[in-house]
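The values are calculated or read from the model by the stated rules, or taken from the named source; none is laboratory data. Here the structure is a predicted model, which is why all the values come from computation and not from measurement. Positions of Cβ are generated from backbone atoms using ideal geometry, with glycine treated the same way; all protein chains shown enter the neighbour counts.
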Amino acid sequence: MIVTLEATTPDSTREALRVAAALIGSAANELRYDDGAAVVVVEGDLPVDVLALPGVRASFDKHKAYMHASKLARERSIVMVGSVAVGEDEPVIMAGPCVVEGREETLAVARAVREAGATILRGGAFKPRTSPYAFQGLGELGLQHLAEAREETGLPVVTEVMEPDQVELVAHYADMLQVGSRNMQNYPLLRRVGSAGKPVLLKRGFQATVEEWLMAAEYILASGNPNVVLCERGIRAFDPAFRFTLDLNAVPAVKELTHLPVVVDPSHGTGKRSLVASMALAGIAAGADGLIVEVHPAPETARCDAAQTITPDELALISRRARLIREVVVGDGVLV
Ligand code: PEP
Ligand code: MN
């Protein structure tokens, strides 16, 4: 069951919940949010007298397996990445190259995407490449370039982590940890990023159902990290015309089920440069809280995913229009 707690909940109530959970052979898993509210989830149902103790705001005994991620646990979460809020009215624009290429290149692309309206810098230093012979990224050196670009531009950095043992290193440099599509169900990795103290961008596995995606988010939340942003990045469909198919059904669908912010990746979701702007804007129209887009000053020469990479000028157009569409979407003060 799900038990929501006020910020003022006394320790005695928390202790009573723990004891009551133990008595039914379960455990009370508590997650505290930065705004002071807390949610306790328990596998099983607690007696009604415990649920009437001071500080208990509400309880729900019918639940799916993703209790912390559920909309019953919380109406809406805002996730801070450095000083950038994800999930507020302003759409977040994460942009940068697929892979970090070098020091000068990273500084140049960071300046260009900031100029084009990006609020977070993306770039892979550890890359999950389909071929073992493809460029695997610069590793720690790439993280250092990203950190230097942050110092210069002020843009917080999101970058991928692929292995549990890399989490500490990546978290040392990054402002947000990206769990890639291919690792969405890597449970040891999800647990580790759940205790790393940095927000997490959880990309949807390209063969994962919405429920599996939310369960993956639940691993991170249940490990103590309340700061998770979901990313719809396309699923594998039957048509080879597209690398992947951006599943925009999923955006309003997960918004009905979870309080976590959602962003859309139109780069991997299409695989094709000419489709990126349309699908980026469609994602915002569907209710996404932001975008993550692959950008390079000379896209054709990008070392990775060149075919789906756009120019900073194209990003500038997307950012301007995304802000206008977002204004319409949240115009009546009600987020879809
Ligand atoms: C990426 O964003 O660099 C990436 C590898 O994406 P995905 O995990 O969605 O394929
Ligand atoms: Mn890529």
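Before moving on, here are some points about what is shown:
- Only one entry in L248, L214, L260 is away from ligand 1 (no atom under 13 Å from the Cβ), assigned by TED's automatic domain parsing to the domain that holds Y187 and over 27 Å from A27 (Cα atoms), namely L248.
- Scan of segment 292-311 for residues that are over 13 Å from A280 (Cβ atoms), under 23 Å from the mean Cα position of the chain (by Cα) and away from ligand 1 (no atom under 12 Å from the Cβ), ordered by number: H296
- Among the conditions (1) outside any loop (DSSP other than H, G, I, E, B); (2) more than 16 Å from ligand 2 (Cβ to nearest atom); (3) touching a residue at least 40 places away in the same chain (Cβ under 8 Å), V251 misses just one, which is (3).
- Total residues in segment 148-164, condition farther than 28 Å from L246 by Cα and either within 17 Å of the chain's Cα centre (by Cα) or without any contact (Cβ under 8 Å) to a residue 12 or more places away in the chain (or both): 1
Residue by residue, here is whether (1) under 19 Å from K198 (Cβ atoms); (2) surrounded by fewer than 21 Cβ atoms within 10 Å (Cβ to Cβ); (3) not assigned by TED's automatic domain parsing to the domain that holds G290 holds:
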| site | (1), (2), (3) |
| --- | --- |
| I120 | yes, no, no |
| Y133 | no, yes, no |
| Q136 | no, yes, no |
| G142 | yes, no, no |
| H145 | yes, no, no |
| E148 | yes, yes, no |
| E151 | yes, yes, no |
| M162 | yes, no, no |
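- Residue-level check: of (1) crowded, with 21+ Cβ neighbours inside 10 Å; (2) within 12 Å of ligand 2 (Cβ to nearest atom), G290 misses just (2).
- For segment 293-335, filtered to residues that are in a helix (DSSP H, G or I) and charged (D, E, K, R), the residue that is surrounded by the fewest Cβ atoms within 10 Å (Cβ to Cβ) is E300.
- Leading residue by the ranking (nearest to M80 (Cα to Cα)) among those in segment 116-139 that are more than 15 Å from ligand 2 (Cβ to nearest atom) and small (G, A, S): A118
- Scanning segment 86-109 finds no residues that are in contact with a Pro (Cβ under 7 Å, 6 or more places away or on another chain) and within 18 Å of M1 (Cα to Cα).
- Scanning segment 276-287 for residues that are over 11 Å from G234 (Cβ atoms) and within 16 Å of ligand 2 (Cβ to nearest atom), we see that the one that is surrounded by the fewest Cβ atoms within 10 Å (Cβ to Cβ) is V276.
- Looking across L202, L177, one residue alone is assigned to a strand (DSSP E or B) and in contact with a Ser or Thr (Cβ under 8 Å, 6 or more places away or on another chain). It is L177.
To keep it simple, each residue is scored yes or no on (1) over 23 Å from A217 (Cα atoms); (2) without any contact (Cβ under 8 Å) to a residue 12 or more places away in the chain; (3) in contact with a helix residue (DSSP H, G or I) (Cβ under 8 Å, 6 or more places away or on another chain).
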{"position": "T4", "(1), (2), (3)": "no, no, no"}
{"position": "D11", "(1), (2), (3)": "yes, yes, no"}
{"position": "A16", "(1), (2), (3)": "yes, no, yes"}
{"position": "D49", "(1), (2), (3)": "yes, yes, no"}
{"position": "L53", "(1), (2), (3)": "yes, no, yes"}
{"position": "A58", "(1), (2), (3)": "no, no, no"}
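- Of all residues in segment 94-115, those being among the small types (G, A, S), surrounded by 18 or more Cβ atoms within 10 Å (Cβ to Cβ) and more than 16 Å from ligand 2 (Cβ to nearest atom) number 2.
- Once segment 183-207 is narrowed to residues that are within 21 Å of L248 (Cα to Cα) and among the charged types (D, E, K, R), the residue that is farthest from ligand 1 (Cβ to nearest atom) is R204.
- Residues that are more than 10 Å from ligand 1 (Cβ to nearest atom) and assigned to a strand (DSSP E or B), drawn from segment 111-134: I120, L121
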